[in-house]
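Chemist: I am attaching a structure below and will ask some questions about it afterwards.
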Amino acid sequence: MSTAALAPDAVAGRLAPEVAPAPQGAPRRRRIPGATTEPLPIRGCAGEVLGRHVAEPAALRQVARREELRRPHELEAPALRLTRRGRMLVSFVSVLVFGSAIAVLGLRIAGVLDSGPDFSSTVPVQVTPGQSLWSIAQETNPGQDPAVVIEKIAELNKLTGPADLMPGQTLQIPIAR
């Protein structure tokens, strides 16, 4: 403590406080000989790392130019680098596309997505009393869905409803392969 700091204490009739010794539990740091508190020098690095162009001697520039002319494919832009999230997205989309393609092909092979029967020819049938389009469809195309056959019969004969069917009428009935 300075004497100027002690003077007010002496004037007031008080004693100056004693400086407390350092606690014994905490070790004191030793001073290393030759050490300074000045900051360490900054390590030098290439200018390209910092984004600055480093001037090259003319001879090195000429050699580099000759190398560029020999290998023009190396002058192309670097390949696209994806982050982990981007790679996951690309993987998910490709699995989705290939999975849906496999599902469509599988359903197509199984016949679920089949476009229906292929009606290759027609036969004339005369309607008898008590016959319906359903019974005619079942008799002429036993292995096919009658609803699909009825739609095709109505389309070929320009029938709009069940009232258009009359006994004695001749209908063109499609026959599936």
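Chemist: Which condition number in (1) loosely packed, with under 10 Cβ neighbours inside 10 Å; (2) modelled with pLDDT of 65 or more; (3) in a helix (DSSP H, G or I) is the one that residue 94 fails?
Modeler: Unmet condition: (1).
Chemist: Identify all residues within segment 163-177 that are open to solvent by 60 Å² or more (accessible area, probe 1.4 Å) and either among the aromatic types (Phe, Trp, Tyr) or assigned to a loop (DSSP other than H, G, I, E, B) (or both); write none if there are none.
Modeler: Across segment 163-177, the qualifying residues are 166, 167, 177.
Chemist: Being within 13 Å of residue 176 (Cβ to Cβ), without any contact (Cβ under 8 Å) to a residue 60 or more places away in the chain and in a loop (DSSP other than H, G, I, E, B) is the filter here, so list the residues in segment 116-162 that pass it.
Modeler: 116, 118, 141, 142, 143, 144, 145
The values are calculated or read from the model by the stated rules, or taken from the named source; none is laboratory data. None of these values were measured; they are calculated from a predicted model. For neighbour counting, all protein chains shown are included, and Cβ atoms are generated from backbone atoms with ideal geometry for every residue, glycine included. Each accessible area value is taken on the protein alone, full model and side chains, heavy atoms only, with ligands, DNA and RNA left out. Shrake-Rupley method; radii C 1.70, N 1.55, O 1.52, S 1.80 Å.
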